[in-house]
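The values are calculated or read from the model by the stated rules, or taken from the named source; none is laboratory data. The model shown is predicted, which means the values in this text are computed figures rather than measured ones. Counting neighbours? That spans all protein chains shown, and the Cβs are built from the backbone with ideal geometry, glycine included.
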Amino acid sequence: MAPGRPAQSPHDSGGGDNNSKKRKDAPTNPQHDGPNKRPRQHIDQRQKIRIARTLSTQTTSAAFQNGALDVSSFVKSRAYEIQALENGLQRSKKALNERAFQQVPKELRRRTASHNVKRVPKRLRARAGREMAVDNTPTVTARRRKPSGHMRLRLETVKKLRALGAKRKAEKDKPKDASVSELPAKDVQPGTITTAIKPRTPKVKKSLLATPPVPKAKFRKRQIHKSWLPTHLYHAKRARMTAPSAPLWRFAVPLTPTAKSYRPTHRASHDRGAVAWDMSYISTIQLEGRESSVLGMLKAMGAAEEDLSGRKASKWRAGLRVLEAFLYERESPHELIAPVTMVWCVYANGAESVEAEGRKRKVLLRVHPSAFFQLWEEVLRLAKVAKPAVSVEDLRFEIGSLEITGPGATEALLGALWPSETVSASNSASNAATTGMDVDTTLDTPRSESVGDIWQKLAGLTNPALLPQNALLGFNVQDPRLHHPPRTIALPKSDAEQHQLLELSASWPIDAAQKSCDIFDGKARHLASTTLPSQKAVNRRKALSPPGEYPQALPKDPRMPVLLYSASSATPTNSSKSRQQPKSHNGGSWTLLAPWKCLPPLWYSLMYYPLSTGQQPRFAGLDQKRQLAFEAGKPWFPGDFPGTKAGWEWECEDRRRREGEWRKRPRGKRVGYEKVEMGGGKKGEVGVGWACDWERLLDGPAVVEEAALGVVEDDMDVDGVAAEKAGDGAGSAEKAGEDTVKPAEQEKAKEDAVPFQAPPKPSQLTQLSTRQALALLASPEAKLPTHINLTSALVTVRLTLLTRGVPQPCARIYRLPTDNADLRRQWLALLPSNLPHKKQKGPKHALPRLPKDAPAHVVQQRLAQSLLEPPRAGEDKYPACPAEEDLVGFITTGNYDLGEGQGTGIGSLLLSRVRDGGEERNGCILRSAGTGLGRLARWEVV
Amino acid sequence: MVRIKHRYLLINILYPDPKSTSGRPATKPGDEVPYTVQFRRPSPDRMDGGVLTRLIRDGVAELFGDYGSGKVAGSLQVKYFSQATSTAIVRVSRDHYRLVWAALTFATRLPNPVGQPCVIQVVRVSGTIRKSEEEAIRRARLSIRQAEAAAKSSNAATAGLAAATPQLLSTEDDDVDMINGIEDPDDPRDIEEDLDDEG
């Protein structure tokens, strides 16, 4: 190689003034470093490129000895040339145009990595180091960095406080010292505690709200108005969290990963990989009492009769399945609270006899935190009057949970969850099962198998929906830190093994093997949390184990109780599931319940599990949760249930956010809602443009409309929200436009001071459950409980566009025009089913392209055809949007659906307006807020 | 910003006069050097990029006068010259590459310090250096294969088997290849094709 690679010359690196500038002096070419070497030879990027592009050559004398021409040296000289040219090609392509940090795969790139060589993969480390040295950007570790400004002050305060605390503690501990002998934590045994001092088991405070765990002093100030999830530190580094001043449901919730993740999440959940969430913000309530009285309570809260009793529900009552059902308020409006997941504890000792009837049993209710207080009050009120008594316990900060979905979910969980119990007898049983494929033997084996053993046999399961619906496993696991970093598990390869897995999921021996799960036991939860060894102790044990092997499990190891259940549907849509099957390819997900303190180790093991299909499980935030629910065609609580209290609050918050975004833009660049052409010569958006305006839907246009428009705009200096509610959409939007800056600022200042309070929900707005809605739609005479006002009952629907377009949130849903027969006919003519059947190449929604040399008669035919073709959006003949009388609802979630390959949406409809729609009842017209263009769609109840 | 467009000419220098060239065929009887090897001789040691530049500049000046040399001077650069294989890559501006090509074609002798009769072939004209490098690699591969095949067959011939035809054929193929390798926008065949399309 003639022009040597730019090597660092020792003379240049020691310059005294080097620190002042970013890049060090030129790594000069040693060939030219003569005695008259210039002190500062600057090498810039251009020069580097030139060097990289120079090709090496061979002289004739070197190639041909004595100038003799022969075949071998001829070939050699050619080979040298090829080598030189290829090297040159490669070098000039990437060598010096790309830095080591830029070669890292996209998902590994982090801005924080760019100052630390140790953060790049090993193969790039040497090169990165060289580049850092050239750039004069030394690697600094956070530990050794000199604290700057604010940080120094903060650290000094911490130091002072610590000294004070230590002093106080020393004084406090002094008198006690004599009587108490401290015992090391490692002597504490789970189960049998033989130490002198037992770890204090906290008194269970029943019927009281749980208080969040007291955080470390360092983090306490940041959790005054909110609590952190157990994996907060993991997420805070990698995800966009809720703003510190605006926690969501009293938690700091990760909203979305910092890395781009819309498509990757879709892929990981549908095709390859896994997506996990820390769902510890979901609240848990425990009820304890006689089975009959608990069932009575649930019935009083409106859970459907057939879900609670009867043969189908017997497995749920036995504690072998999970039930998800809507619960309602008991008092008269009987408002929908939320979908609630309910799990029973298995009968103790498996006794299901009559004498066990009288025993107390436990049931966990899991509910979204936005509806927690509503449910809590309801439950407390009912528990007080229940006979025999039912005790209520708030387990919010005791039980944490995570959810994982995608084809690799089961595999990742298997890698992280190592069951504690190891039954030696099961070995022989499993051997029998593998050798003999007889069904009888496999049915016999479960007798001796524990749940943990069966769990490990699930390796190779890619879709939890294969298992019995709402199946559940409860067992104890070892500390995952002992098996960290996790390794890829052995997956079944042969057909026989696959067959066995199928058989297992069909026979489901868990039903026989499931014992009462420890997670229902407060003491077991407490013990698992308190006896967790420190990371130091774990590391010591790992160091003692032979290389390449995990440390041996000891009988003293803490046993983490976990409860694992697969939810194949996000919401209770039992009846509609049989009807609607196109989404069945979408795999179910696993939900894992574990003690709050045990969650971080489990989470880390899960996140670093190397999947057999490559990469690791992805983590995701709230936005991804919503995205996947949307792609599965399922409504997401609370956002898609605007008739509930929680859903209403969510909608108000969304409104505020959208309004803020709208106001922020200059007037010329934002949608002028008051000027939208609505067809039929009307102008102005229906209701408030940035809201799903349910008030407007229920009440119709306000009567003050004329007056409001007449009044001088400046006088309408009312509070923004009030104006929106009272005024007509055009009027309020006008007002918003006319708003001077000053009141807006004042308003903002006011809002900053006081946390945002959602206005109370319109009292008559209610949400119907799927079952009720389907019954009402099926027969016109179907009865509804008298308390529900049908005229204002909403039902959640999923909308599919029939032609083109993508629905946006807040889009208006109209039924097909009812009183304008002509317009209705025009819309019906657009239905794809009414179009002449055509099979064609070319654009999807237009006539096929003609070849250039088409004969005249074909061109004429085409012209005639194009006259018959239905009008396309934007053309004059395209039918106008229906009038406001035909408005039936709004879209709450809408987007392009990656799974469907077209736009879909989830929204809510006013059931009374679509109940008697005649033919094409399910047809509807969507119009995005701020546009005048309607699109045909079809809705179905979900 | 407008990018300055160049053309890269891939050049082979051939030395037709065996007496005055540097690489002498081995004189031992029975160790016949194949024709393919003799055809592509190495350049003399004194020949380098600078000499080639001078050759081109002089040639352009001779053929096209001050006008030509002025047009070419700004952009002419020898990007690569390998003595052992007598291959070079020359860069010229896109508008004037034909002047350089003509000068190369008309060259019969290397300039003075070397002073050898030569024939210069332009085998490829491309818009990027990358493509001409790739072409050079392809040609080097091809000639290696040919040389090895020829060596084998000549060995076979000395052993008493007559196998001269394949060698001949292969050289013919090679020559055809070289003509095809040249990009010419005004190639008559291309024009014919265009006409076909329209008709």
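Structure notes:
A quick yes/no check of all residues on (1) in contact with a Lys or Arg (Cβ under 9 Å, 6 or more places away or on another chain); (2) over 26 Å from A:Ala409 (Cα atoms); (3) not hydrophobic (A, V, I, L, M, F, W, C):
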{"position": "A:Leu592", "(1), (2), (3)": "no, no, no"}
{"position": "A:Cys598", "(1), (2), (3)": "yes, no, no"}
{"position": "A:Tyr604", "(1), (2), (3)": "yes, no, yes"}
{"position": "A:Glu659", "(1), (2), (3)": "no, yes, yes"}
{"position": "A:Gly668", "(1), (2), (3)": "no, yes, yes"}
{"position": "A:Glu685", "(1), (2), (3)": "yes, yes, yes"}
{"position": "A:Val688", "(1), (2), (3)": "yes, yes, no"}
{"position": "A:Leu698", "(1), (2), (3)": "no, yes, no"}
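- Restricting the stretch A:342-396 to residues that are among the polar types (S, T, N, Q) and at pLDDT 90 or above, the residue that is surrounded by the most Cβ atoms within 10 Å (Cβ to Cβ): A:Ser370
- Condition check for A:Leu784: within 25 Å of A:Asp307 (Cβ to Cβ) and at pLDDT 80 or above: no
- Qualifying residue in the stretch B:66-83 (condition: part of a strand (DSSP E or B), of a type in the set (Val, Ile, Thr) and closer than 23 Å to A:Thr57 by Cα): yes
- First in the stretch A:214-225 and closer than 15 Å to A:Arg162 by Cα, second anywhere and acidic (Asp, Glu) and assigned to a loop (DSSP other than H, G, I, E, B), Cβ under 6 Å, 6 or more apart: none
- Evaluation of B:Lys79 against (1) within 18 Å of B:Arg46 (Cα to Cα); (2) away from every other protein chain (no Cβ under 12 Å) (one fails), failing number: (2)
- Condition met for A:Pro817 (of a type outside the set (Gly, Ala, Ser) and at pLDDT below 70): no
- Total residues in the stretch B:123-134, condition away from every other protein chain (no Cβ under 14 Å) and either buried (at least 21 other Cβ atoms within 10 Å of the Cβ) or free of Cβ contacts under 8 Å to residues at least 40 places away in the same chain (or both): 1
- Among residues of the stretch A:286-297 that are over 12 Å from A:Leu365 (Cα atoms), those with a Cβ under 6 angstrom from a residue that is part of a strand (DSSP E or B), sequence gap 6+ or separate chain, pair up as A:Gly289/A:Lys360; A:Glu291/A:Arg361.
- Filter result for B:Ser143 (in a helix (DSSP H, G or I), within 13 Å of another protein chain (Cβ to nearest Cβ) and at pLDDT below 95): yes
- Given (1) surrounded by fewer than 16 Cβ atoms within 10 Å (Cβ to Cβ); (2) not in a loop (DSSP other than H, G, I, E, B), index of the condition A:Lys493 fails: (2)
- Residues located in the stretch A:649-660, provided they are of a type outside the set (Lys, Arg) and farther than 12 Å from A:Gly689 by Cα: A:Glu649, A:Trp650, A:Glu651, A:Cys652, A:Glu653, A:Asp654, A:Gly660
- Residues being within 11 Å of chain A (Cβ to nearest Cβ) and either in contact (Cβ under 8 Å) with a residue 40 or more places away in the chain or over 20 Å from B:Asn112 (Cβ atoms) (or both) - total across the stretch B:33-58: 13
- Filtered by the rule that a residue be β-branched (Val, Ile, Thr) and over 30 Å from the mean Cα position of the chain (by Cα), the stretch A:804-828 gives a lone residue, A:Thr818.
- Matching residues in the stretch A:133-163 - criterion: being in a loop (DSSP other than H, G, I, E, B) and out of contact with any helix residue (DSSP H, G or I) (no Cβ under 6 Å at 6 or more places or on another chain): A:Asn136, A:Thr137, A:Pro138, A:Val140, A:Thr141, A:Ala142, A:Arg143, A:Arg144, A:Arg145, A:Lys146, A:Ser148
- Filter result for A:Glu653 (among the charged types (D, E, K, R) and within 17 Å of the chain's Cα centre (by Cα)): no
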